[in-house]
Structure formats: structure tokens, C-alpha cells
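Following: one structure in C-alpha cells, then a few remarks.
Any read-out appearing in this document is the output of simple, stated calculations on the displayed coordinates, not a laboratory observation. Everything quoted here is computed from the prediction, not taken from an experiment. Note: ideal-geometry Cβ built from the backbone for every residue, glycine included; neighbour counts use all protein chains shown.
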Amino acid sequence: MISGFTMPSYSKIDLHTHSNKSDGELSPYDLVTKASDKGIQMLALTDHDTVSGLGDAKKAAVKKNINLINGVELSTQWDNKTIHIVGLNIEAENTLLIKACKKLKALRKERAKKIGQKLSKIGIIGAYEYTKKVAVNGNITRFHFAQFLIEQKYAENQADVFKKFLVKNKPGYISVNWPNLNETINLVNSIGGIAVIAHPLRYKITATKLRKLIDEFKQCGGKAIEVITGRNISKEVAVASNYTKKYNLAASIGSDFHNESISWNRLGELPLLPENLVPVWELWEKNN
Ligand code: AMP
Ligand code: MN
Ligand code: MN
Ligand code: MN
């Protein structure tokens with residue numbers, strides 16, 4: 001640490017949230033306002049494959065005097081699996097990033113059309129049209145399809161949808177060839193950001209594979225993993241903490257907030273990071 005620099009102390013931080021620029025409910029402005037009203041001191045907006053909400057989020061952040069970190073949640077491919085990389089403290093106006101997001105948006109649109117076609121083959125009509133309407137920025141995710149399937153009573157809730165539809169070997173599943181992990185980490189690094197493995201324990205891979213992922217992530221220049229996420233139970237926090245120590249990575253914290261009706265990822269309602277870990281924000285604050 002730079003001598004004479006005292007790290008500010010934060011008690012309420014949320015570095016993984018979604019607005020309606022991807023699959024969240026609130027506008028970027030309303031999300032930041034709500035975060036501030038909830039006493040959050042540092043917030044990252046991390047929409048899926050887009051930074052288009054950061055401008056409006058900044059306006060609210062200035063008004064509410066909250067520390068807004070520019071973020072994005074990028075879809076990547078590793079070992080035939082989709083892995084989400086959160087980029088934090090990025091330079092949002094960067095042309096390379098905007099170009100990458102444009103490509104990701106096109107991949108999403110193409111997949112959404114195919115999901116719609118697949119669902120219509122089993123008699124579920126109108127899904128693509130619905131998602132096109134509700135995804136106001138055009139970044140259609142499986143979350144939007146899940147909303148449709150719940151509204152149309154094909155499933156009871158999100159968990160039920162992702163058991164019956166939209167996942168491998170179930171109706172409505174389409175695989176996407178997302179950009180690879182290495183390319184994505186390089187992009188985040190090249191725009192001054194910190195690459196973070198999002199929700200590391202949610203990928204349905206073996207512990208051996210996860211270690212391989214973290215190892216490669218680190219070798220490619222990744223810097224942190226999410227230790228606290230919305231759904232974490234204490235056992236998972238301990239497992240993720242051990243990975244950060246083993247691989248000498250920083251630790252991040254984020255709810256993955258989408259909307260109020262999902263109870264497991266409420267905005268900013270998270271336990272504190274374990275004290276013996278390096279908090280991810282130290283990586284940018286000590287350079288200020
Ligand atoms: P996509 O990036 O289009 O593949 O969609 C991923 C999004 O779908 C996630 O960000 C969540 O919003 C949602 N999602 C995926 N899996 C689940 C799950 N098992 N339960 C609830 N939501 C999920
Ligand atoms: Mn989502
Ligand atoms: Mn994710
Ligand atoms: Mn997310």
C-alpha cells in the first residue's frame with residue numbers, strides 16, 4: 001500500500017447488480033437511487049454485456065453522493081461452459097469495449113430468436129416477441145424468457161424454469177459460442193478494469209474443474225473472485241474464501257440483484273467480507 005494512504009472504510013457495498021439495460025427491473029437511475037436510500041456506500045452496475053446504463057447511473061450517483069463503480073458482466077466461454085466475468089472499475093467509454101458489447105448483443109439476439117423457434121416447436125408461442133418487448137435495450141437474456149414462461153404458467157418460478165427449460169437437454173436450450181475467457185480478461189485489463197469471476201460456485205462443475213478455471217483465470221490476468229454473492233450460505237463463503245487465499249486473488253462482494261420479487265439476492269443485503277481477505281476495491285483505491 002502507498003505510504004500515508006488510509007483506505008476508506010465501507011460497511012455496505014454491492015458490486016454486482018442489474019438494471020433494465022439488461023435483465024434487471026429498475027432503470028439505472030432508480031437502481032442507484034434505491035441503493036443510496038438503502039445506505040449502500042459503494043455500488044457497481046454490472047449489466048449483462050452492456051455499459052449503456054452507466055451514464056444515467058452516474059447522474060444519480062452524483063445527486064446521491066454514492067461511490068459508483070463502472071462495471072459490466074461479460075459472458076464468456078471456457079471449456080464448453082458459459083462463465084460470467086464481472087469487470088469492475090472499467091473505462092466505460094472505451095471503443096474496444098463498446099465493440100465487444102455490440103457483438104455480444106448480436107449473439108444474444110440470434111440466440112433469443114432460436115430459443116423462440118425451439119419453444120414454438122413444443123407449442124409455446126410468442127416467447128421471442130415477448131422478450132424483444134421487455135428487454136428495453138435489446139440485451140435479451142434467459143431471465144426474460146423465464147419471465148415469459150412464468151407469466152404463461154409453464155413454470156412456477158425462476159428455479160422451476162431453469163429446471164424444466166432453457167438449460168442443456170431441456171426445451172428452449174441453445175448453446176452460444178461466447179468469446180473465450182482469455183480474450184475477455186484481456187479486454188477488461190486493457191480498459192483499466194479488474195476481472196472478477198462471478199458467482200464461482202454456481203457453474204455446476206466439479207471442484208477439480210473449478211480449480212482449473214481459477215488457475216487459468218489467474219494466468220490470463222484475472223484478479224478477483226466473488227466470495228460473497230446473493231445466494232451464498234456460510235459454507236460456500238468459506239469455500240470461496242479458501243480459493244482466494246490459495247490463488248492469491250482479491251475478494252469481491254455483490255448481490256446479483258435483479259428485482260425485489262427475488263428474495264435471495266436483495267440489493268446490498270450481504271454479509272461483510274471475511275477480514276483476512278484482500279477486498280477487490282483495494283486494487284483500484286490504492287492507485288488513486
Ligand atoms: P443468459 O446470460 O442469457 O444465459 O442468462 C443468464 C441469466 O438468467 C442470469 O443472469 C440470471 O438472471 C438467470 N438465471 C440463470 N440461471 C438461473 C437459475 N438457475 N435461477 C434463476 N435465474 C437464473
Ligand atoms: Mn441476469
Ligand atoms: Mn451471472
Ligand atoms: Mn449477474
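Of the Cα atoms belonging to the chain, the radius of gyration and Dmax stand at 18.4, 66 Å. What whole-number distance in Å separates the alpha-carbon centres of region 233-288 and region 41-66? About 19 Å separates the Cα centre of region 233-288 from the one of region 41-66. Working from label points 7 Å from Cα in the Cα-to-Cβ sense, the V136 to L107 distance is 2.6 nm.
In the chain, helical runs assigned H by DSSP with n ≥ 4 each contribute -39500 (n - 2.57); averaged across all residues and rounded to the nearest 500, the mean residue ellipticity at 222 nm is -12000 deg cm²/dmol. Each residue of region 62-79 was assigned a 3J(HN,Hα) from its phi angle through the Karplus expression (A = 6.51, B = -1.76, C = 1.60, θ = phi - 60°), giving 5, 4, 8, 6, 10, 7, 9, 9, 5, x, 7, 10, 9, 7, 9, 10, 9, 6 Hz with x at Gly and Pro. Return one number: the angle in degrees, 0 to 90 and rounded to the nearest 10, between the long axis of the Cα atoms of helix 142-151 and the longest principal axis of the Cα atoms of the chain. Between helix and principal axis, roughly 50 degrees. Each label point was placed 7 Å from the Cα along the Cα-to-Cβ direction; for R211 and N259 their separation is 4.1 nm. Solvent-free Debye calculation, one equal scatterer per alpha-carbon of region 102-166: log10 I(q)/I(0) at 0.14, 0.28 Å⁻¹ equals -0.36, -1.28.
Taking 0.36 nm per residue of separation and subtracting the Cα-Cα distance, full extension of the segment from I150 to E275 would add 41.0 nm. Using only Cα atoms, tell me the angle between helix 28-37 and the longest principal axis of the chain; keep it within 0 to 90° and round to the nearest 10. It works out to around 50 degrees.
Report the charge-dipole magnitude of region 102-166 in Debye, nearest 20, computed about the Cα centre from +1 at each Lys and Arg Cβ and -1 at each Asp and Glu Cβ. List each step's numbers first, then the result.
Details: 16 positive and 5 negative charges, 98 e Å.
So the magnitude is around 460 debye.
Please find the FRET efficiency linking D37 to K99, where r is the Cβ-Cβ separation and R0 is fixed at 51 Å, and quote it to the nearest 0.05. With a Förster radius of 51 Å, E is 0.90. Taking the charge dipole of region 102-166 about its Cα centre, with +1 at Lys and Arg Cβ atoms and -1 at Asp and Glu Cβ atoms, the residue from I122, Q152, L104 reaching farthest to the positive side is L104.
Quick one: putting +1 on the C-beta of Lys and Arg, -1 on the C-beta of Asp and Glu, what dipole do you get for region 9-152 around its Cα centre, in Debye to the nearest 20? Please report the intermediate quantities before stating the final value.
Working: 23 positive and 15 negative charges, 95 e Å.
Rounded to the nearest 20 debye, it is 460 debye.
Placing unit charges on the Cβ atoms of the charged side chains and taking the dipole of the chain about its Cα centre, the candidate lying farthest along the positive direction among N177, N94, V280 is N177. With the alpha-carbon atoms of region 167-288 aligned to their principal axes, the span from lowest to highest coordinate is 48, 33, 28 Å, starting with the largest.
Under unit Cβ charges (Lys, Arg +1; Asp, Glu -1), what dipole magnitude, rounded to 20 debye, does the chain have relative to its Cα centre?
Details: 41 positive and 28 negative charges, 210 e Å.
Computed charge dipole of the chain: roughly 1020 debye.
Taking other C-beta atoms within 10 angstrom as a stand-in for reagent exposure, H16, H144 fall in the order H144, H16, fewest first.
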